[in-house]
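For reference, the structure is listed below as structure tokens.
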Amino acid sequence: MSVLDNLHRVRERIDAAARRAGRRPEEIKLVAVTKTVPPEIIRQAVKGGVSRLGENRVQELLKKYNDVPPGLEWHLIGHLQTNKVNKIIGKVALIHSLDSWRLAEEISRVASGANAVASVLVQVNVAGEVTKYGILPSEAEDFVEAAARLPGLNVRGLMTIAPWTSEPEEVRPVFRQLKDLAMRLMNNKAGATMEYLSMGMSGDFEVAVEEGANILRIGTAIFGGRQ
Ligand SMILES: *Cc1c(COP(=O)(O)O)cnc(C)c1O
């Protein structure tokens, strides 16, 4: 299967899941996750209409930044070290992985210094896995409100990575909890919007769509397996 065939198939599955849930497919944004994918293959996806690219490492994002056509949105989806924040402010459209207070303060400091406002999602460790980054659900409300009050930082929603499973139905409760949390935070007084819910990857994106995701981060279903 070519990248274009895969892309077509993924879009069909997103549309079908959206229709099952009574949602409009157009409200769902696809971030093509390009980690380990070489620029020439990324360009094929761009020809196929992909306009948002996601990387989980700053170094790899910067390497590819100039190798793909301009005008695309870059999304940082993986853990961000505080000492790399200054390398990406102004380059990425959305940081999906705000996962600590130290990082919130550093993004605020760097963005303010550059007269920029960084759009971020708060990563929530819904399942409480010790191997994953993210704010625990019980601390999310206080964290979101405090982060939203920092200058230079615009909190626009929540992100989660569901536990790995071969049975996507099993992670439905995780997605549902993130959606519930976003609903509860919707009326916060600190100015955080809950416009984006970034959840759903190759193995579970249809369930995520059914549970309200409007940003999907999909790699292997588009580009094939990674080494
Ligand atoms: C790699 C990655 C993805 C995409 O995973 P696939 O299973 O290849 O779709 C999504 N989100 C994050 C944070 C990732 O690191």
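The values are calculated or read from the model by the stated rules, or taken from the named source; none is laboratory data. None of the values given here were measured: they were computed from a predicted structure. Note that each Cβ is placed from the backbone with ideal geometry, even for glycine, and that neighbours are counted across all protein chains shown.
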Residue in the stretch 58-69 that is under 26 Å from residue 172 (Cβ atoms) and either of a type outside the set (Ser, Thr, Tyr) or modelled with pLDDT of 95 or more (or both) present: no
Of all residues making up the stretch 8-56, the number that are farther than 24 Å from residue 97 by Cβ and in contact with a strand residue (DSSP E or B) (Cβ under 8 Å, 6 or more places away or on another chain): 1
Hits in the stretch 80-109 - residues which are touching a Ser or Thr at 6+ places or on another chain (Cβ under 9 Å) and within 27 Å of residue 70 (Cα to Cα): 80, 82, 92, 93, 94, 95, 96, 107
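Can you give me the ranges of the strands (runs of 3 or more DSSP E) entirely in the stretch 23-114 with at least 1 residues that are away from the ligand (no atom under 15 Å from the Cβ), touching a Leu at 6+ places or on another chain (Cβ under 6 Å) and of a type in the set (D, E, K, R)?
On the way: elements: 29-33, 52-55, 73-76, 94-98.
By residue number, no strands (runs of 3 or more DSSP E) qualify.
Please determine whether any residue of the stretch 33-46 is over 17 Å from residue 202 (Cβ atoms), within 15 Å of the chain's Cα centre (by Cα) and buried (at least 17 other Cβ atoms within 10 Å of the Cβ). Let's see the steps before the verdict.
Within the stretch 33-46, the first condition is being over 17 Å from residue 202 (Cβ atoms), and the residues that meet it are 38-40, 43-44, 46.
Applying the additional criterion that residues be within 15 Å of the chain's Cα centre (by Cα) yields none.
No: the stretch 33-46 contains no residue that is over 17 Å from residue 202 (Cβ atoms), within 15 Å of the chain's Cα centre (by Cα) and buried (at least 17 other Cβ atoms within 10 Å of the Cβ).
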Flag if residue 132 is surrounded by fewer than 24 Cβ atoms within 10 Å (Cβ to Cβ), part of a loop (DSSP other than H, G, I, E, B) and within 16 Å of the ligand (Cβ to nearest atom): yes
